[in-house]
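K.L.:
One structure follows; several queries about it will come next.
Read-outs throughout are calculated quantities, based only on the coordinates presented, and are distinct from any laboratory measurement. This structure is a prediction, so every number in the text was calculated from the model and none was measured. Cβ atoms come from the backbone with ideal geometry, glycine included; neighbour counts cover every protein chain shown.
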Amino acid sequence: MIYELRQYVPAPGKAEALSRRFRENTLPLFRKLDFKLVDFWESTDGKGELWYVVEWPDEAAMKTAWDNFRANPEWIAAKKTTEADGPLIASLQNVTLRRAGFFKP
């Protein structure tokens with residue numbers, strides 16, 4: 001099992017629009033495509049950063065799922081509509097993690 005930690009920094013003035021897109025479009029599509037979301041956070045500093053973790057069986061499954069997501073007509077339409085006035089994301093980072101063998105939750 002691997003985990004993917006993703007961080008989204010909204011473009012200036014776009015934090016609420018980015019949150020709305022996740023709430024109304026992205027998360028429902030994740031559920032439809034069987035993404036296993038572990039947790040989801042917002043930063044407390046007022047910058048509107050979004051962070052979340054997805055659990056994957058392996059890196060191949062992760063790559064396939066993201067390819068399918070990006071090619072999905074619902075996502076393409078939502079992205080086009082929500083970015084009519086410009087991009088919502090200033091930067092996106094992701095890191096793939098595995099649980100350390102010495103840690104027992």
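K.L.:
Roughly how many debye, to the nearest 20, is the charge dipole of segment 15-105 about its Cα centre, given +1 on each Lys and Arg Cβ, -1 on each Asp and Glu Cβ, and no other charges? Kindly include the intermediate steps, with their values, before the conclusion.
P.N.:
Values: 14 positive and 14 negative charges, 45 e Å.
The calculation lands at about 220 debye.
K.L.:
A further question follows. In angstroms, what radius of gyration and Dmax does the chain have, counting Cα atoms only?
P.N.:
Just the Cα atoms of the chain yield Rg and Dmax of 14.5, 48 Å.
K.L.:
Using DSSP to call loops (not H, G, I, E or B), can you name the trypsin sites (Lys or Arg not before Pro) in segment 1-62 whose Cβ has at most 16 other Cβ atoms within 10 angstrom?
P.N.:
Details: sites: Arg6, Lys14, Arg20, Arg21, Arg23, Arg31, Lys32, Lys36, Lys47; in loops: Lys14, Lys47.
Sites meeting the loop and neighbour criteria: Lys47.
K.L.:
Which residues in segment 10-32 have a backbone N closer than 15 Å to a point placed 7 Å from the Cα of Ser91 along the Cα-to-Cβ line?
P.N.:
Flagged as within label range: 10-12.
K.L.:
Among Ile89, Met62, Leu27, whose Cα sits farthest toward the positive end of the charge dipole of the chain (+1 at Cβ of Lys/Arg, -1 at Cβ of Asp/Glu, about the Cα centre)?
P.N.:
Looking along the dipole axis, the top candidate is Met62.
K.L.:
What nm value, rounded to one decimal, do you get for the distance between Thr44 and Glu16 when each label is placed 7 Å out toward the C-beta?
P.N.:
2.4 nm
K.L.:
Turning to a different aspect of this structure: Report ³J(HN,Hα) in whole Hz for each residue of segment 53-62, in order, from the Karplus equation J = 6.51 cos²θ - 1.76 cosθ + 1.60 where θ = phi - 60°; Gly and Pro get x.
P.N.:
10, 10, 9, 10, x, 6, 5, 5, 5, 4
K.L.:
Normalised by the residues of segment 2-97, what does the relative contact order come to in percent, with Cα pairs under 8 Å and at least six apart? Before the final figure, lay out the partial values.
P.N.:
Working: 131 pairs, mean separation 48.9, N = 96.
Computed over segment 2-97, the figure is 51 percent.
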